[in-house]
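**Student:** Sharing a structure, written as structure tokens. Questions coming.
The values are calculated or read from the model by the stated rules, or taken from the named source; none is laboratory data. In this text the structure is predicted, and so the values were computed from the model without any measurement. Here the Cβ is made from the backbone with ideal geometry for all residues, glycine too, and neighbour counts use every protein chain on show. When the accessible area is computed, the model is the full protein with side chains, heavy atoms only, and any ligands, DNA or RNA have been set aside. Shrake-Rupley method; radii C 1.70, N 1.55, O 1.52, S 1.80 Å.
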Amino acid sequence: MKYRRLGKTELNVSVIGIGTWQFGGEWGMQFNQGEVDAILDKGQECGINLVDTAECYGDHLSESFIGDYMSRRKREDWIIATKFGHHFHERFTRTDVFDAEDVLKQLDASLKALKTDYIDVYQFHSGPDKVFDNDQLWTMLDKQVQAGKIRHLGTSIGSNDNLHQTDASSLVNSKVIQVVYNRLDRVPEERVFPSCERQDLGVLARVPLASGFLSGKYKPGAQFDATDVRHRQDAEAVRRKLEEVERIRREEVPAGVDMAQWALAWCLKNPIVSSVIPGCKSPEQVASNASAADLVE
Ligand SMILES: NC(=O)c1ccc[n+]([C@@H]2O[C@H](COP(=O)([O-])OP(=O)(O)OC[C@H]3O[C@@H](n4cnc5c(N)ncnc54)[C@H](OP(=O)(O)O)[C@@H]3O)[C@@H](O)[C@H]2O)c1
């Protein structure tokens, strides 16, 4: 494994992390604790120390699996990033709730689910600018940082060209930007990354496999089960993406190199990226993704 500094948090994160939206049950598979344990144990064996979760991957469900695991392992071995801003109701249904009073309750619910007394990176979860621009929210969060419940604040921007929230990071003491970045979507290179560089923000590249499409295992015309969030993407847009993936595989991926590993290493070629956080469904995927670090300079 290789490690990078997560911007001015000074945390030393593995360049490959583990995304855990999957544990919430919206990716065509329900997880049990044993499966989650196996994924996280494999991650640690491979040198991974970063896990990304959220309040609404299930109703704190993904956090609960991670918390149960952490309660039987060494919490301090891991950097846990989670998020706030939504109430989960049922699969694919949540509401935005970003007011300070409610977010404080969400924080306590996350700490309880994670069975921990601190969160390493607490991220504003892809909300609109009008709820981001709320001094009360950031003042409340700052108090939680002072109280030691949160080590660092971050912002997971919804649109990957959200310069407003990125530029405002230093004003609200947010030190990490989480953003969609992958070989099919390079938009953050234009405005968001330069702003991150100016402010010395850590960068977590999410959806680095373009929802799994950049693994190369899906062909144009691939269909997804109704319980898989990819079923909700526009079918024609998915077909176009998968055609582009075929072209990239032919023209850019060296022979004999696993395409998912190549796609993760592609993100990390950009030195502004601290870590990629591919979502994982099995220990085999974690091990393969971890090996992408070998392709990184
Ligand atoms: N707004 C936000 O803050 C936000 C939004 C989205 C995601 N996220 C975070 O970012 C993480 C990553 O994004 P994502 O999960 O949406 O997309 P992703 O990482 O691009 O794709 C994940 C999918 O890729 C497939 N995969 C993973 N490793 C593989 C391998 N080695 N070989 C082949 N296939 C592999 C798996 O699905 P299959 O095996 O079924 O194909 C997996 O479910 C999430 O888990 C979450 O933590 C945050």
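**Student:** Would you call residue 38 within 25 Å of residue 158 (Cβ to Cβ), out of contact with any strand residue (DSSP E or B) (no Cβ under 9 Å at 6 or more places or on another chain) and among the aliphatic types (A, V, I, L, M)?
**Tutor:** Against the criterion (within 25 Å of residue 158 (Cβ to Cβ), out of contact with any strand residue (DSSP E or B) (no Cβ under 9 Å at 6 or more places or on another chain) and among the aliphatic types (A, V, I, L, M)), residue 38 does not qualify.
**Student:** Another question about this same structure. Hey, can you tell me all the residues within region 4-33 that are open to solvent by 40 Å² or more (accessible area, probe 1.4 Å), in contact (Cβ under 8 Å) with a residue 24 or more places away in the chain and assigned to a loop (DSSP other than H, G, I, E, B)?
**Tutor:** Within region 4-33, 8, 28, 29 qualify.
**Student:** Oh, and also: Residues of region 180-225 being open to solvent by 10 Å² or more (accessible area, probe 1.4 Å), within 14 Å of the ligand (Cβ to nearest atom) and over 15 Å from the mean Cα position of the chain (by Cα), which ones?
**Tutor:** Result: 183, 184, 185, 215, 217, 218, 219, 222, 223, 224, 225.
**Student:** What is the residue count in region 4-16 for residues that are under 16 Å from residue 269 (Cα atoms) and touching a helix residue (DSSP H, G or I) at 6+ places or on another chain (Cβ under 9 Å)?
**Tutor:** Residues that pass the stated criteria total 4.
**Student:** Let me ask something additional. Quick check on residue 82: is it over 19 Å from residue 149 (Cβ atoms), among the β-branched types (Val, Ile, Thr) and either open to solvent by 50 Å² or more (accessible area, probe 1.4 Å) or part of a strand (DSSP E or B) (or both)?
**Tutor:** no
**Student:** Further question on the same structure: For the structure I just gave you, tell me whether residue 289 is surrounded by 20 or more Cβ atoms within 10 Å (Cβ to Cβ) and either outside any helix (DSSP H, G or I) or within 11 Å of the ligand (Cβ to nearest atom) (or both).
**Tutor:** It is true that residue 289 is surrounded by 20 or more Cβ atoms within 10 Å (Cβ to Cβ) and either outside any helix (DSSP H, G or I) or within 11 Å of the ligand (Cβ to nearest atom) (or both).
**Student:** If you don't mind, another one. Output yes when any residue across region 261-269 is among the aromatic types (Phe, Trp, Tyr), within 14 Å of the ligand (Cβ to nearest atom) and open to solvent by less than 10 Å² (accessible area, probe 1.4 Å), and no when none is.
**Tutor:** No, that holds for no residue.
**Student:** Here's another thing I want to ask about it. Can residue 188 be described as within 26 Å of residue 265 (Cβ to Cβ) and part of a loop (DSSP other than H, G, I, E, B)?
**Tutor:** Here the answer is no, as residue 188 does not meet what is asked.
**Student:** Can you pull out every residue in region 242-258 that is on the phi < 0 side of the Ramachandran plot, open to solvent by 10 Å² or more (accessible area, probe 1.4 Å) and out of contact with any Pro (no Cβ under 9 Å at 6 or more places or on another chain)?
**Tutor:** 244, 247, 249, 250, 251, 252, 253, 254, 255, 257, 258
**Student:** Another one. Which residue pairs have Cβ atoms closer than 6 Å, lie 6 or more positions apart in sequence or on different chains, and pair a first residue in region 129-152 that is open to solvent by 90 Å² or more (accessible area, probe 1.4 Å) with a second residue that is small (Gly, Ala, Ser)?
**Tutor:** Within 6 Å, the pairs are 136/100.
**Student:** Given the criteria open to solvent by less than 50 Å² (accessible area, probe 1.4 Å), under 30 Å from residue 132 (Cα atoms) and within 15 Å of the ligand (Cβ to nearest atom), does residue 50 qualify?
**Tutor:** So residue 50 fits the description; yes.
**Student:** On to the next question. Looking at 152, 164, which one is in a strand (DSSP E or B), under 20 Å from residue 85 (Cα atoms) and away from the ligand (no atom under 14 Å from the Cβ)?
**Tutor:** 152
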